[in-house]
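Read the structure below first, then the notes.
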Amino acid sequence: MTLQAQIPTDVLAVQFDQLHLPETLRGEVIAQHAQPPTGDGNRLWPPRPGYDQPDVGSIRFWGDFDLAAWYQAAPHSFGPYTELELQHLTSVSRRLKLAGEGARVLWALDVLRPGEWTRHPRTGLCVAELVCAGPWLSDSVLADIRPALHQHHWGLIEDVNEVCEVNRTPCYVTHWIYGV
């Protein structure tokens, strides 16, 4: 088993400082889960913080973040997002959590530096990936969230309701990614 390297807390603090991330939001990020990019384009499940494309971004955080609240607290920390876009993504997250008992929703936030992200001249957060694990997502749930995701250029990475196992418990997982 290969363990991923952790970001030293001083490096993490520098990244937070570059983002001008308020203390309230810093507290939502589990420092032990902040890791550098690892590699070769293979998806990892369960999602591991730090997974990213090689040489793109410096950190990836996975968490059940309220994106609209994060934007309200620190709009300057995000890239070229609008408040409305992050409200729509938050509504998608809320809808997925209502899909059934045990539904778990995780967002991937990447820290991207200038030049790694078009139209954004400074270090910023990119909402890069959405994962829902747990119960089977019905056609009606998918129909409810599809307009908000498509409006903001989100698409499926693979088929919906892929069978997986989390903590030795069988469940279903669906991934969406920004820019598809």
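The values are calculated or read from the model by the stated rules, or taken from the named source; none is laboratory data. What you are looking at is a predicted structure, and each value in this text was computed from that prediction instead of being measured. Please note: Cβ atoms are built from the backbone with ideal geometry, for glycine as well, and neighbour counts cover all protein chains shown.
Give the residue that is surrounded by the fewest Cβ atoms within 10 Å (Cβ to Cβ), with candidates limited to residues of the range 133-162 that are among the charged types (D, E, K, R) and at pLDDT below 90.
Here is the first cut: in the range 133-162, the residues among the charged types (D, E, K, R) are 139, 144, 146, 158-159, 162.
Narrowing further to those that are at pLDDT below 90: 158-159.
Numbers: GLU158: 12, ASP159: 8.
Taking the candidates together, the pick is ASP159.
Just need a number here: residues in the range 145-162 that are at positive phi and part of a strand (DSSP E or B).
Start the filter on the range 145-162 by keeping residues that are at positive phi, which leaves 153, 161.
In the following step, the residues that additionally are part of a strand (DSSP E or B) were identified as none.
Counting residues in the range 145-162 that are at positive phi and part of a strand (DSSP E or B) gives 0.
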>> Checking the conditions here, which among GLU129, GLU116, GLU165 is in a strand (DSSP E or B), charged (D, E, K, R) and out of contact with any strand residue (DSSP E or B) (no Cβ under 6 Å at 6 or more places or on another chain)?
In response: GLU165
> Taking PRO121, is it free of Cβ contacts under 8 Å to residues at least 60 places away in the same chain, within 28 Å of GLU23 (Cα to Cα) and either in contact with a His (Cβ under 8 Å, 6 or more places away or on another chain) or assigned to a strand (DSSP E or B) (or both)?
Replying inline: no
> In the range 96-129, how many residues are at pLDDT 95 or above and surrounded by fewer than 18 Cβ atoms within 10 Å (Cβ to Cβ)?
Replying inline: 2
